[in-house]
Amino acid sequence: MVARSDITGIVLAGGQGRRMGSVDKGLVELDGRALVAHVIDRLAPQVTALVINANQNRDRYATFGHAVVADAIGGFAGPLAGLHAGLSVATTPYVVTSPCDSPFLPQDLVARLAAAFDRAPLDLAVARTFDQPHPVFSLVNRNVLSHLEAFLRDGGRKIDAWYSSLRIVEVPFDDEADAFRNINTTAELAANARRTADGNRPNVA
């Protein structure tokens, strides 16, 4: 059984925010607080420790009270590079990931992903809504680190291509589909203002 004490959370904030005007998206404010703060509020109670993966403004991210780690691979290589960075510093047997721009992530995300590990030997449990997997919301066994390092070293960047050879399961969250919508643009940011109270869901087209 995978317990909360076995899991480190990794908040993925290492991107360039191109769709929002090339800003550091995790630090963009929603209802007066940084997007990353909303994500931390929801993810931290579900894990025993938390790491922020960031490649810019690391001092500012450090003010949120958690360890900050940059990609070991240069060039803003994407979420797999962030997962690799988090896996490299985590001391727990599992990690769970969430992007910094999804402030409404489920408050039972980890419990439901962890339950999948109780049913079968797995490397990865991925959240899915209807027919859409969300691989940036995954519970990952740390034993995949060497496999991931080899994939990245060979130039791989696509998440689904990486985990296609691993033992994975997709966990349905059809009842919480809106929780996985992320905020990519200033228009989406404005549409979601004042929707961050517990139980509310984003208004993203």
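The values are calculated or read from the model by the stated rules, or taken from the named source; none is laboratory data. What you see is a predicted model; the values in this text were computed from it and never measured. We place every Cβ from the backbone using ideal geometry, glycine too, and count neighbours over all the protein chains shown.
Out of region 179-202, which residues are in a loop (DSSP other than H, G, I, E, B) and either modelled with pLDDT of 95 or more or surrounded by 18 or more Cβ atoms within 10 Å (Cβ to Cβ) (or both)?
Within region 179-202, R181, N182, I183, N192, T196, P202 meet the criteria.
In region 111-154, which residues are of a type in the set (A, V, I, L, M), over 15 Å from L80 (Cβ atoms) and surrounded by fewer than 16 Cβ atoms within 10 Å (Cβ to Cβ)?
Within region 111-154, A111, A115, A120 qualify.
List the number of the failed condition for V36; all other conditions in (1) closer than 30 Å to A115 by Cβ; (2) aliphatic (A, V, I, L, M); (3) out of contact with any Leu (no Cβ under 8 Å at 6 or more places or on another chain) hold.
Among (1) closer than 30 Å to A115 by Cβ; (2) aliphatic (A, V, I, L, M); (3) out of contact with any Leu (no Cβ under 8 Å at 6 or more places or on another chain), V36 violates only (3).
If a residue must be of a type outside the set (D, E), in contact (Cβ under 8 Å) with a residue 60 or more places away in the chain and assigned to a helix (DSSP H, G or I), how many such residues does region 124-149 contain?
Result for region 124-149: 2.
Within the group E176, E170, which residue is over 26 Å from A81 (Cα atoms), among the charged types (D, E, K, R) and at pLDDT 95 or above?
Exactly one of E176, E170 is over 26 Å from A81 (Cα atoms), among the charged types (D, E, K, R) and at pLDDT 95 or above, namely E176.
Kindly indicate the residue of region 7-37 that is closer than 16 Å to Q56 by Cα and among the charged types (D, E, K, R) and also modelled with the lowest pLDDT among those meeting that condition.
The residue in question is R18.
Kindly establish whether V95 is in contact with a helix residue (DSSP H, G or I) (Cβ under 9 Å, 6 or more places away or on another chain) and among the β-branched types (V, I, T).
The answer is yes for V95.
Scan region 49-80 for residues that are among the charged types (D, E, K, R) and either touching a residue at least 60 places away in the same chain (Cβ under 8 Å) or more than 19 Å from R33 (Cα to Cα) (or both) and jot them down.
Listed by number, the list holds a single entry, D71.
Regarding G86, is this residue more than 19 Å from F180 (Cβ to Cβ) and under 14 Å from the mean Cα position of the chain (by Cα)?
yes
Would you be able to say whether some residue in region 144-167 is closer than 28 Å to A72 by Cβ, β-branched (V, I, T) and at pLDDT 95 or above?
yes
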